[in-house]
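A.B. asks: Submitted below is the structure of interest, expressed as structure tokens.
Read the figures in this text as sums done on the coordinates, not as results from a lab. These numbers were taken from a predicted model, which means no experiment stands behind them. Cβ coordinates were reconstructed from backbone atoms using ideal geometry, including for glycine residues, and neighbour counts include every protein chain displayed.
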Amino acid sequence: MGFGIFPVHVEELKMSFKDGFIDFLEFIAAINLVIRGKIDQKLKWYFKLYDADGNGCIDKKELLSIFSAIQAINGYTNMSAEEFTNMVFQKIDVNNDGELTLEEFINGVESDEDLMELISKSFDLSNVLKVIQNGRRNSV
């Protein structure tokens, strides 16, 4: 059985992290979305990932925690998690309430080309996929 990436519908991506885990199909669907999804789909998925407690807003603690975890997985180190978090909130927390709504997040990222590139690069899973592929080759 191969591990190729296959197309999925956005409706199939309604991932629930209530148990703290995702199953294999959710994992593949998420990777597919990050690699092939439209930008609005990606931003909604990024928002849901950053919104760790699922309350519909991202606070600094959530963003810092999730970005740190993503850095540990993909090795992205061009900016510290603290720098990233402060920069995101400075640029797109328009009402300065210390929380980002989905609307603030999407509008802010879409209107800032540098931020869009930075967030996209932070979710670049090519290094992770290479490790997985190399691991499979070495185990066969």
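A.B. asks: In nm, to one decimal, how far is the Asn107 label point from the Lys121 one, both placed 7 Å along Cα→Cβ?
C.D. replies: Between Asn107 and Lys121, the simple spin-label model gives 2.7 nm.
A.B. asks: Counting other Cβ atoms within 10 Å, keep those with at most 15, restrict to DSSP loop, and tell me which trypsin sites (Lys or Arg not before Pro) in segment 38-70 are left.
C.D. replies: Passing both the DSSP loop test and the Cβ count: Lys38.
A.B. asks: If I model a spin label at Asn96 and Lys38 as a point 7 Å from the Cα along the Cα→Cβ vector, what separation in nanometres do I get?
C.D. replies: 3.6 nm
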